[in-house]
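The values are calculated or read from the model by the stated rules, or taken from the named source; none is laboratory data. Quantities reported herein were computed from a predicted structural model and do not represent experimental measurements. Backbone-built Cβ (ideal geometry, glycine too); neighbour counts: all protein chains shown.
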């Protein structure tokens with residue numbers, strides 16, 4: 001073989017080696033990403049449930065105590081309707 005052929009052969013082998021080097025890393029481990037995705041799904045479901053609970057509680061308080069009431073929750077999860085204080089009436093444009 002000639003020197004030029006050897007150089008082309010070496011260059012081709014180098015390209016193959018560099019092109020397939022990403023296989024040497026092994027399989028990707030996605031367990032952390034799966035765990036984060038599961039936590040995010042659970043948080044989103046909890047947030048949607050919390051928003052529905054807040055809306056239902058406010059609707060109950062508004063029906064029982066009027067539009068100036070506020071729904072609050074005790075640490076035990078019980079609904080308590082309170083009256084909002086220091087509300088300023090909104091005035092129209094002058």
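Only residues that are in a loop (DSSP other than H, G, I, E, B) and at pLDDT 90 or above were counted across the range 75-84, and they come to 1.
Could you list, in sequence order, all residues of the range 28-46 that are exposed (fewer than 10 other Cβ atoms within 10 Å of the Cβ) and within 12 Å of the chain's Cα centre (by Cα)? Hits for the range 28-46: nothing passes. Here residue 56 fits the description: surrounded by 11 or more Cβ atoms within 10 Å (Cβ to Cβ), assigned to a helix (DSSP H, G or I) and at pLDDT 90 or above.
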